[in-house]
Structures are given as structure tokens and as C-alpha cells.
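All remarks here apply to the structure that follows.
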Amino acid sequence: MTDYQMPAVSLGDWVYFYAHENADPTIALVSKVGRRALELWAISPGYGGTDKPSVHHKDDPGFNEFPAWKETGAWEHRPDDPRISILSERVALLEKKIAAIEPKKKATS
């Protein structure tokens, strides 16, 4: 089997899930990170969501070695959204300010 490192992803990240090769992408939440595959919770409008176990990255060469992997779909990172980056930066700044206030607050209590 090919020594392949899937792209970095973390629990709670949002990714695109493709049910099959020609499918439109579905937004999915990473619910478990394995060494080479993810477990996803794919959003299904009007239904909620569906658990998708053992989903490999779309560029995983294992799809050629093990065609049955295609049956569980594929994933890829969503393109960066500048609104998310700005929001993340603002949240990080607020968390930093709160952390600086906390020791002062305890000292006056």
C-alpha cells in the first residue's frame, strides 16, 4: 500500500463531501480523524445529516489500489472564506483580552 499522508484536518472542521465522483459537494463536519480517512457528518437539507464513515481524501492514491473505497465517497477542504478568517481573528483577539482581564478580576475579588 502506498505511504500517503492525507491533508491536515481537525475534529470539527467543515469540509466538502462528494458521495461519488461526479456528485456536487455537500458540506460535512469532521467527527473523527483517522490516519488515512475521516468520519464525517454530511448535511442533508430537510433531513438533518448522515454519518459517513471511512471517507478518504479525493487525491488519495488508494482509490486506485482499492476501488471499493469510492463507495464511501471522498472529501476535500473547502476554499478559504475571508469572512471566516476575519471572524477567527476577532475571536482570537477577544479571547486574548479576556485572558488578560481574568487575573485582574481574581485579584480584586
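Only the coordinates and a few stated rules stand behind these numbers; no lab work does. This one's a predicted model, so the numbers in the text were calculated from it and none came from an experiment. We place every Cβ from the backbone using ideal geometry, glycine too, and count neighbours over all the protein chains shown.
A few comments on the model shown:
- Within-9-Å neighbourhood charge of residue 30 [Cβ basis; K, R +1; D, E -1]: -1
- Neighbour-count ranking [beta-carbon atoms within 10 angstrom, fewest first] of 91, 15, 55, 9: 91, 9, 15, 55
- One chain, two ends: residue 50 and residue 100. Fully extended at 0.36 nm per residue, the span grows by 13.9 nm beyond their Cα-Cα distance.
- Counted by Cβ distance under 13 Å from residue 12, the other residues give a net charge of -1, where Lys and Arg count +1 and Asp and Glu count -1.
- Ordered by the number of other Cβ atoms lying within 10 Å of each residue's own Cβ, fewest first, 26, 50 fall into the sequence 50, 26.
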